[in-house]
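Before any comments, here is the structure.
Values in this text are rule-based calculations from the coordinates and carry no lab data. Just so you know, these numbers come straight off a predicted model, no measurement behind them. Glycine gets a Cβ as well: all are built from the backbone with ideal geometry, and neighbour counts include every protein chain shown.
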Amino acid sequence: MVNSVIAGDYKGLGIGCAAGKAFITTSILKPLYLDKSTVESYEIITEEHRKSVSSGVARGLIGGALLGPVGMLAGGLSAKNKGTYQIAIQFKDGKKSLIEVNDKVYKAIIATLF
């Protein structure tokens, strides 16, 4: 599902974007902003990542070695539609999420975390 957390911590929650800032909708009163104050690191899961290894199982093992369980799921996922991005996020509090976002939210996240 686009603009949502698809694995890891916060799974099933939606992702929004307002005033150029992306956030996870943890609650109406206190969204979790995806910015430098909350995100330790992130990795964009690209087609090149998926195509560099021939099988989904191998990709999952490599993803698991790099990012733990969230990376394992990301590595094993099949190709997505153009304009949809998957990003593995490591939060400063130790939580991890795999998110799937559209072009607008993707650009807001990249601009904020650059």
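Can you give the FRET efficiency to the nearest 0.05 for ILE28 and ASN102, using r as the Cβ-Cβ distance and R₀ = 25 Å?
With R0 = 25 Å, the Cβ-Cβ based efficiency is 0.70.
For the pair THR38/LEU113, report the inter-label distance in nm, with labels modelled 7 Å from Cα in the Cβ direction.
The modelled label-to-label distance comes out at 1.2 nm.
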